[in-house]
Amino acid sequence: MIQIDNLRKRYGKMEALKGLSLEIGKGQVFGFVGPNGAGKSTTMLILATLLEPTSGKAYVGGFDVVKQPREVRRLIGYMPDFFGVYDNVTAEEYLDFYASNYDISPQERKEIIPQLLELVSLSHKRDAFVDSLSRGMKQRLGLARSLVHNPDVLILDEPASGLDPRARIELREILKELRNMGKTIIISSHILPELAEMCDVIGIIEGGELVATGSVDEIYAKMQGYKVLKVRMLDQWEEATALLTRHDKVASVKKDGNVLLADFTGTDQEQAALLQQLAAAGLPMASFAEGEGNLEEIFLEIVKGAGS
Amino acid sequence: MNVIRKLRNPVLINEWKVRMRSNRAAWVTTLYLLVLGGIVLTFIFLRINFENRYDPDISREIFMFLSILQFGMICLFTPGLTAGVISGERERQTLSVLLTTNLTATKLILGKWLASLSFMIYLVMASLPLYGIVFLYGGISPIQLVQVFGLYLVTMLGLGSVGVLFSTLMKRTGVSIVLTYAFLFAYTAGTFFLYVVAQEMIDYQRRMANLHAMQPNPVWPEWLLSLNPLAVGLHVFEEGVFNRFHDLKAAGNLPFWMIDPYWLYILFFVLLTIGSLELSIYLIKPVRKRLWKR
Ligand SMILES: Nc1ncnc2c1ncn2[C@@H]1O[C@H](COP(=O)(O)OP(=O)(O)O)[C@@H](O)[C@H]1O
Ligand SMILES: [Mg+2]
């Protein structure tokens, strides 16, 4: 339903997305997790046809977000991280206005709006002015708004942020209902446990790159087993990089000065074997050490919600 | 059905709905007409007392006074009414959501533009009966009445579209409003100033070249002045600066290239309106077709 290929976005010199690729199947609930500034909102803006990528492609329902924005807009309901409401407008009129923007007939609107208010438990606030609603209620109304044209895909940017625990639970219940309705949902958060329960797939984004994807369990397992091996070389960095990259348990290798940094997920035995391999190849190693992985820091941040 | 759907503008309908709910519009209208009517009656009273007779000239004077007053009001309020319509949505953080709906950029811009001007258009139209009173006294032609209202409408729509353009370009409403007023001022003062400079230079050149006085002056400085709202306003009452035009017209031998300044003004403002709106529509699209390759 959603396909992103090597997406890049530069703001001036700042590269917010560095070649992001991912795929979300029909009916899937995809949790997009990463610390603040990771590039979640940027990705979602591009999917919502509100921002042009610097390069790369993104498709929703097979439509190119840059070349066929009108077709994409019909398919998506987008809820930004921050949005305002009009004053002087009641909850019902608010939804009515957006429904009319989708060319929905007045008769049809009269039918769907009560249903939507019911779905987000705001039936009793039908005639209340929107700027008088609490933050949690506004958020739910915003969600109802993104549903007026019954879209197949929902793009929800940090819908739970700034909500108190009760409001969060209410929101989660609504999202479960939408999931049962078969909607494809991409939802972001900077806290993993917030999404863990309701997502089929989690994608971890950091510094504009997708660093891990998988089910919630896979993600937890992957991130806990991570280590970084630091190999200081005098020479022959390319050969050492090639050797390291060939190893199954090495995810990626980076060069930092004369030190090679390898993300390693293997056991201690495998680590020992790898060291022997490097030595046996006659590469000029000056030292071999293990350090905390970058992923580990990200993991701590998103699991504990540090820095939020 | 399809045509109706194409023309139906949800933004416009919604703004009307919200605005009509409060009594404010009714109060403002009443107050406006009372003030305007009061001024007219005072004017009539004073003039008649002073002159001790009815005179079509008085009627003409009142008509001009009223027209200039309303024209001033239009110029004063149009930038404030229109220069915040898009930037206001942006500041309120409602624009991005609006742009992800099926609403086209064209409908959004046209809806906002018309909605912001509709109350003022209504106010001006509501003042027509006042003109009717003046009209009864004579001294002005129905054509002049129509021309004055045409001038109002075209100026409101044109200046309003410039406000919308600045509102689309600028992030902040405050900046946009200041720029729209600055545009109005620079435009009005600029066309007049350039006209004066051009005339002076032409005169100077002629004196230097000892050209015969019978040879007519070039017409382009007058075209330039035709774009000036104040000059054209006076022109409707056959006052002011376009003497050559009036003389030639009265003599019945108007050359074809001496276009009536009124129509030149209308034409220019229609083009200005279309241009500003088209540009706004292009600029508001978050993802747009490239006019050139980077
Ligand atoms: N309009 C912008 N101009 C410049 N930099 C931006 C802009 N929007 C976002 N950024 C930068 O891009 C990076 C990614 O931002 P964002 O996508 O909002 O992250 P997230 O939603 O994951 O917190 C951040 O470093 C942010 O500072
Ligand atoms: Mg964000």
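The table that follows gives values for the structure above.
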quantity	calculated
Surface/4 of the Cα convex hull for the stretch B:2-284, nm²	19.6 nm²
Rounded Å value of the spacing that divides the Cα centres of the stretch B:130-186 and the stretch A:116-158	40 Å
Share of alpha-carbon pairs per 5 Å distance bin for the stretch A:213-266, given as whole %	4, 20, 26, 20, 13, 8, 6, 2, 0
Selection from A:Val72, A:Met181, A:Ala273, by position along the positive dipole direction of chain A (Cβ)	A:Val72
Gaussian network model of chain A, Cα within-10 Å springs - most flexible of A:Leu210, A:Leu261, A:Leu17	A:Leu261
Exposure of B:Asp57 as accessible area (Å², to 10), given a probe of 1.4 Å and all protein chains	90 Å²
Filtered trypsin sites (Lys or Arg not before Pro), the stretch A:35-87: DSSP coil and at most 11 other beta carbons within 10 Å	none
Estimated distance in nm for a label pair at B:Asn217 and B:Arg8, the labels positioned 7 Å out from Cα along Cα-to-Cβ	5.7 nm
Loop-located trypsin sites (Lys or Arg not before Pro) in the stretch B:1-96 whose Cβ has at most 10 other Cβ within 10 Å (DSSP)	B:Arg53
Principal-axis tilt of helix A:294-304 within chain A, Cα atoms, nearest 10 degrees	30 degrees
Neighbourhood charge, 9 Å Cβ-Cβ cut-off, centred on A:Glu194 and excluding it, Lys, Arg +1 and Asp, Glu -1	+1
Straight-distance crosslink candidates among lysines, where the alpha carbon sits under 27 Å from A:Lys110 and sequence neighbours closer than 8 are dropped	A:Lys125, A:Lys138, A:Lys176, A:Lys183, B:Lys6, B:Lys17, B:Lys107, B:Lys112
Number of partner chain Cβ atoms within 10 Å, mean per residue of A:88-101	4
Residues of type lysines that A:Lys255 reaches as a straight line, Cα spacing below 20 Å, ignoring anything fewer than 8 places off in the same chain	A:Lys18, A:Lys227, A:Lys230
Options B:Phe242, B:Ala115, B:Thr155, ranked by Cα towards positive dipole end of the stretch B:2-284, top entry (Cβ charges)	B:Ala115
Debye, to nearest 20: dipole size of the protein assembly as shown, +1 on Lys, Arg Cβ, -1 on Asp, Glu Cβ	1040 debye
Dipole magnitude of the stretch B:2-284 about its Cα centre (Cβ charges: Lys, Arg +1; Asp, Glu -1), debye to nearest 20	1300 debye
Percent antiparallel among DSSP beta bridges (both partners in the protein assembly as shown, rounded to 5)	70 percent
Relative contact order for chain A, counting Cα pairs under 8 Å that sit 6 or more residues apart, in percent	21 percent
Per-bin percent of Cα-Cα distances, the stretch A:85-242 [5 Å]	1, 8, 15, 16, 15, 12, 8, 7, 5, 3, 3, 3, 2, 2, 0, 0
Mean projected area in nm² (Cα convex hull; one quarter of hull surface) for the protein assembly as shown	40.4 nm²
Förster radius 35 Å - calculated FRET efficiency between B:Ile143 and B:Leu34 (Cβ-Cβ, nearest 0.05)	0.75
Cα lying deepest toward the dipole's positive end in the stretch B:2-284, options B:Asn49, B:Gly84, B:Val270, charges on Cβ	B:Gly84
Average beta-carbon neighbours from other chains, 10 Å sphere, peptide B:87-100	5
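The values are calculated or read from the model by the stated rules, or taken from the named source; none is laboratory data. On a predicted model such as this, the values are computed, not experimentally measured, just so you know. In this analysis, Cβ positions are derived from the backbone assuming ideal geometry, glycine residues included, and neighbour counts consider all displayed protein chains. Accessible surface is based on the protein model in full, side chains and every heavy atom, while ligands, DNA and RNA are left aside. Shrake-Rupley method; radii C 1.70, N 1.55, O 1.52, S 1.80 Å.
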